[in-house]
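What follows is a set of notes on a single structure, which appears directly below.
The numbers here are math on the coordinates, done by the rules we state, and not lab data. As the structure is a computational prediction, the values presented were derived from the model and not from experiment. Neighbour counts run over all protein chains shown; Cβ positions are idealised from the backbone, glycine included.
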Amino acid sequence: MFELFKAEFIRYRKWAILFLILQIAFWSFLTRLKPLLQPSGEQTALITFVCVAIGLGFGIVQMVLNRRKNNWTYLIQRPLKLNSIYQALASAALVNLIIAIPLGWFLTVTVMDLFTETVVDMRHYLYALYMAGLSITAYFIGTLTVLSASKGAIGLVYFLVIWIFPKPDSLLVLFSLMAGVLALLYYLNLQCFKPDLSTHVTRPLFVVLMGIPMQVTLLFVIIIGSTVYYHIPRFIIGDHPDNNPVVNSLSYLWHIDDPKVVGYILKDHDSIKNKESISRQAELADADYISSGYWTYPSVGQLYTRDTAYGLFDSANRTHWIFSHDDMMLKGVDSLSRRAKGWIGKNGFIETRQPTADDRFESVPFMVADKFLATKTTVFQVNYEDKEMIVKYQTKPGEYFANPPQIRDHFVALVSEQNTYLFDKEDFVGEMIEANPNYTIPHPIALNKIRNMETRRMVDGYLVLYFSRDYNGYLKSAVSINYARLGKAVEMIAKTDYPEIRHPAVILDIEYVASPGAYILYKSIYRILEPSEKDNLSVSEILNREYWPSVQWTSLFLQLFSMIALFMLARRQKLSMALTVIWTVMGATFSLAACASYLLMNRMRAN
């Protein structure tokens, strides 16, 4: 086994070393253009593409070369168990992958940590482990695509999706889940590594472990396919809602010019005092928006690519203040000399002494406009000239900010789970004193139901417009207008319902209609990785939604159809009773996605 491992390792060793050298050279060059550890969408996309492309391509190429007729016969006739042969091939490949991809990053970060003042945390080293996990996942999917008789093995790319898109709150959870997925992929490859690669594996456990992830991928294909079977046909016949706004729907408002929106919302509210005056004034008022979305706050030790900012920059003194997750403070580094220039802790600047545990922030803050640090409960303001930091605003006990400070043309907005606070922009940004809001505006509904907020700057205050797709319940839209006058209580002057929806409910809830099981599964995995993200619904939240009757009946019909169809197909193909039960249950649970995976995982002819 070792001799086979050695031969396979040497076969690709030169390519791995060449890529290692090229990678180190690239990182060295990039450090001259920008801080390497500064988060960048382009840099992250490049790393992700390279990890996936090399891992997937290497897995496919390695097994295609080995399964050539003469090579395959010679390979499997070695005096070794089939499991040992595959272990030798895979182990050699993984060593080469580690040399080619994560090792270059690890060495570069180590040099930066040892020989520069760059803030390097353990999470930057662990990013090499993430790169390894991503590339190895792609490698196993590549080898499985070649070894499996199933035409849909490539459908396991769903595992790459869950490594790339969620923002994991905990690296421990991420790497634990990644280890479990790699073990699953290893098992699937081991089962497919057999003398006759054209035969399907019929072990029930294999079918379940390969079928379910594939069905999640197929659900995404069905969702994307709605462009073909719904959107494109409607564009062709000329009645797509993008070109033909649906009257009495929330989306209709997006086709109205901003100055006319308030008047349109109020047009049927004849009982409102000064309705015409408010409408005319709103037409001339400055319009702005406030984000109502829940932001995922930074977590200690998160992947550096999830950072929303690299740090605070003191342009006058050419100093970058970069937050260290290991020290839970900001470290100052001169942008030209690269020398350390002290620390900023939760108690302010630290220059003449060593930081202590009392200086550590309790959580990782957002960094805003080079002068604000924002946690879930507190906004700090930094003054570099006077080496001072103050608490700009702090929530009441039990109240938490949903997102960081939003600096607009005429105001600064802080959005908590209960209220929106509007501050005078000049006072908030320019003055080093604790801020008090000019307006405190309670949310008319739960914040997670508000799609977005808009403001109109009136003579005596602000109109705040709340747009919600779920104001009166799921897919029951409405807009309310609150009038915040200086020194007076906030008044809701109107609430207008919009009962129509832009697209049929079956299209809006296509993921639930097409495959309830796959929808629940992928949302559950996202929730495990990123529990702080409000869009990652729990199982109970999905099941307890008040779906439209068309959604419920269509979903139920497709589940029954899939269950019966898969039972009949399994009987026709003369599958074992265990497999028949498995496919029937998956049809009832995963609906159309299960039907598609059955066609990909089975040879469609009677035995």
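Here the extension length gained between Tyr187 and Lys396 equals 70.0 nm, from 0.36 nm per residue of separation less the Cα-Cα distance. Spatially, the range 477-539 and the range 27-96 are offset by 41 Å when compared through their Cα centroids. Rounded to the nearest Hz, the phi-derived 3J(HN,Hα) couplings of the range 193-209 under the Karplus curve 6.51 cos²θ - 1.76 cosθ + 1.60 (θ = phi - 60°) are 7, 8, x, 9, 6, 7, 8, 7, 7, 10, 5, x, 4, 4, 4, 5, 5, where x marks glycine and proline. Note on Phe175/Asn244: beta-carbon distance plugged into 1/(1 + (r/R0)^6) with R0 of 56 Å gives a FRET efficiency of 0.70. Here Asn472 and Lys81 are evaluated by their C-beta separation; at R0 = 56 Å the FRET efficiency comes out at 0.30. Using only Cα atoms, tell me the angle between helix 275-284 and the longest principal axis of the chain; keep it within 0 to 90° and round to the nearest 10. The two axes meet at around 70 degrees. The label point for Ile433 and the one for Ile237, both projected 7 Å from the Cα toward the Cβ, are 6.5 nm apart. Give me the angle, in degrees from 0 to 90, between the Cα long axis of helix 549-572 and the longest principal axis of the Cα atoms of the chain, rounded to the nearest 10. Helix 549-572 sits at roughly 0 degrees to that axis.
Each residue of the range 98-108 was assigned a 3J(HN,Hα) from its phi angle through the Karplus expression (A = 6.51, B = -1.76, C = 1.60, θ = phi - 60°), giving 5, 5, 6, 10, x, 5, x, 5, 4, 5, 5 Hz with x at Gly and Pro.
Report, to the nearest 10°, how far helix 516-529 tilts away from the longest principal axis of the Cα atoms in the chain, using its own Cα long axis and a range of 0 to 90°. Relative to the chain, helix 516-529 is tipped by roughly 70 degrees.
Most tightly packed first, judged by the mean number of other beta-carbon atoms within 10 Å of their residues, the peptides 34-47, 81-94 read 81-94, 34-47. Neighbours of Tyr289, meaning other residues whose beta-carbon lies under 12 angstrom from its beta-carbon, give a summed charge of -2 when Lys and Arg score +1 and Asp and Glu score -1. Each Lys or Arg adds one and each Asp or Glu subtracts one; over the other residues with Cβ under 12 Å from the Cβ of Glu399, this totals +1.
Dipole size in debye (nearest 20) for the range 482-540 around its Cα centre, Lys and Arg Cβ +1, Asp and Glu Cβ -1?
Dipole about the Cα centre, nearest 20: 280 debye.
With R₀ fixed at 51 Å, the C-beta to C-beta distance from Glu3 to Arg338 puts the FRET efficiency at about 0.55. Size descriptors for the chain, from the alpha-carbon set: Rg then Dmax equal 28.9, 92 Å. Note the direction-averaged projected area, equal to a quarter of the hull surface, for the Cα convex hull of the range 357-404, in nm². Reported value for the Cα convex hull: 3.9 nm². Each of Gly104, Leu575, Val551 was scored by the projection of its Cα onto the charge dipole of the chain, and the greatest displacement toward the positive side belongs to Leu575; charges sit on the C-beta of Lys, Arg, Asp and Glu. From least to most packed, judged by other beta carbons within 10 angstrom and beginning with the fewest, Val247, Val95 follow the order Val247, Val95.
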